[in-house]
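The values are calculated or read from the model by the stated rules, or taken from the named source; none is laboratory data. Just so we're clear, the structure is a prediction, and the values are computed from it rather than from any experiment. Here Cβ is always computed from backbone atoms with ideal geometry, including for glycine, and neighbour counts include all displayed protein chains. Ligands, DNA and RNA are stripped out before the accessible areas are found, and what is left, the full protein with its side chains, is counted by its heavy atoms. Shrake-Rupley method; radii C 1.70, N 1.55, O 1.52, S 1.80 Å.
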Amino acid sequence: MKRRTFIAGLVSAAAWSVVARAQQAAIQVIGYLGTQSADDDYKYVTIPFLQGLKETGYVAGQNVAIEYRWAENQYDRLPALAADLVRRRVAVIVANGTPAVLAAKAATTTIPIVFTTGGDPVALGLVASLNRPGANLTGSAVLTTELAPKRLQLLRQVIPNGTLGALTDPAFPPTQSSIADLQAAARTLGLQLTIVYARTDSDLEAAFATFSQQRTGAVVVSDSNFYTRRMEQLAALAARHALPAIFPYREYALAGGLISYGSSFRYLYHQIGIYTGRILKGDKPADLPVLQPTKFDFVINLKTAKALGLTIPETLLATADEVIQ
């Protein structure tokens, strides 16, 4: 039996058991709507979320139940999954990722929704403002797309000559705004930027082949739910094609990526757990400001740099939050 299937089976069985006990004891039920899978979410999302929830006094399986719904990266499944959680009258919906929160928002105007998004929540129409969200939604804005120009600047310091490329997911809602920001930053720096789209595994292989054929000097990998579940694959593809690359999360650098710059997965979902607990205790989403990262992790993998034959400038090493030897 595949590990993912086994984990999903365990979670599903546990969920039904917990929900049955919840109904008997009239405890509250959280609906979790994810774009990825149980296996993908477990380490970086589920564990810190549950820890944050516990800090507010809620322990899954004891005094709160959680119904999980995963789209397995098939975004067209999200509306039905969100509607199912609404029918089950969960107390709050945790929507992980922009496609998930858009589906949850369309499914209910009354059930509180705690979201994470890599885009601008106001521009996406999720909230009225960051400080006063209004309606039934609040959560966290990762701001990863807004950081794309900064990643371009950092990469340029490593590769001062040659063209740069950007790998983007056309199905990820914030992609177009991210591309616009990247292109504007490239023009400011006087750079030629090649945009390549990739939405499937075969697309990824073809994208890196395209970068190599065009002799692209380095690549900015944009944020995407599809990409985050393929961190090791993307780091390996960059290494295979000898392409320096910068990624949006620390976990990419840990997986072998050259550089990462962005917010922390663990901190983000820990805070989402706390917000969910506060709402279960009676706080209103409209009164909880949208959380924004206050610190961004800048990580350099020197082992990867050595394999690529690169010398990282001392100025960059001095400003890095973490250097992987």
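Which numbered condition in (1) under 20 Å from the mean Cα position of the chain (by Cα); (2) free of Cβ contacts under 8 Å to residues at least 60 places away in the same chain; (3) within 20 Å of A305 (Cα to Cα) is the only one that A253 fails?
Against the list (1) under 20 Å from the mean Cα position of the chain (by Cα); (2) free of Cβ contacts under 8 Å to residues at least 60 places away in the same chain; (3) within 20 Å of A305 (Cα to Cα), A253 comes up short only on (2).
Is there a residue in the range 193-210 that is closer than 30 Å to P112 by Cβ, small (G, A, S) and under 18 Å from the mean Cα position of the chain (by Cα)? Let's see the steps before the verdict.
Going through the range 193-210, the residues closer than 30 Å to P112 by Cβ turn out to be none.
Looking for residues that are closer than 30 Å to P112 by Cβ, small (G, A, S) and under 18 Å from the mean Cα position of the chain (by Cα), one finds none in the range 193-210, hence no.
Just need a number here: residues in the range 231-254 that are under 21 Å from F296 (Cβ atoms) and surrounded by fewer than 19 Cβ atoms within 10 Å (Cβ to Cβ).
Residues that pass the stated criteria total 1.
Determine, yes or no, whether T116 is of a type in the set (S, T, N, Q) and open to solvent by 20 Å² or more (accessible area, probe 1.4 Å).
For T116, the condition - of a type in the set (S, T, N, Q) and open to solvent by 20 Å² or more (accessible area, probe 1.4 Å) - is not met.
Just checking, does the range 303-323 include any residue being outside any helix (DSSP H, G or I), open to solvent by 30 Å² or more (accessible area, probe 1.4 Å), closer than 13 Å to T138 by Cβ and not small (G, A, S)?
no
Would you pick out the residues in the range 180-210 that are open to solvent by 50 Å² or more (accessible area, probe 1.4 Å) and either at positive phi or in contact with a His (Cβ under 8 Å, 6 or more places away or on another chain) (or both)?
G190
Return the residue satisfying two criteria in turn: it lies in the range 17-63 and is modelled with pLDDT of 95 or more and β-branched (V, I, T), and of such residues it is surrounded by the most Cβ atoms within 10 Å (Cβ to Cβ).
The extreme case among them is I30.
I'm checking my understanding of the structure. Among residues of the range 272-286 that are open to solvent by 50 Å² or more (accessible area, probe 1.4 Å) and in contact (Cβ under 8 Å) with a residue 12 or more places away in the chain, which one is farthest from the chain's Cα centre (by Cα)?
K281
Is there a residue being crowded, with 24+ Cβ neighbours inside 10 Å, in contact (Cβ under 8 Å) with a residue 24 or more places away in the chain and over 30 Å from K306 (Cα atoms) anywhere in the range 148-163?
Within the range 148-163, not a single residue is crowded, with 24+ Cβ neighbours inside 10 Å, in contact (Cβ under 8 Å) with a residue 24 or more places away in the chain and over 30 Å from K306 (Cα atoms).
Restricting attention to the range 184-228, report how many residues are outside any helix (DSSP H, G or I) and over 25 Å from N96 (Cα atoms).
Restricting attention to the range 184-228, the residues satisfying the condition of being outside any helix (DSSP H, G or I) are 190-200, 214-224.
Going one step further and asking which of them are over 25 Å from N96 (Cα atoms), we end up with 190-196, 214-219.
Of the residues in that region, 13 qualify.
In the range 211-229, what count of residues is obtained for those that are open to solvent by less than 40 Å² (accessible area, probe 1.4 Å) and within 23 Å of the chain's Cα centre (by Cα)?
Adding up the residues that qualify gives 11.
Just wondering, is there one or more residues in the range 60-74 that are free of Cβ contacts under 8 Å to residues at least 40 places away in the same chain, under 27 Å from R199 (Cβ atoms) and aliphatic (A, V, I, L, M)?
Taking every residue of the range 60-74 in turn, at least one turns out to be free of Cβ contacts under 8 Å to residues at least 40 places away in the same chain, under 27 Å from R199 (Cβ atoms) and aliphatic (A, V, I, L, M).
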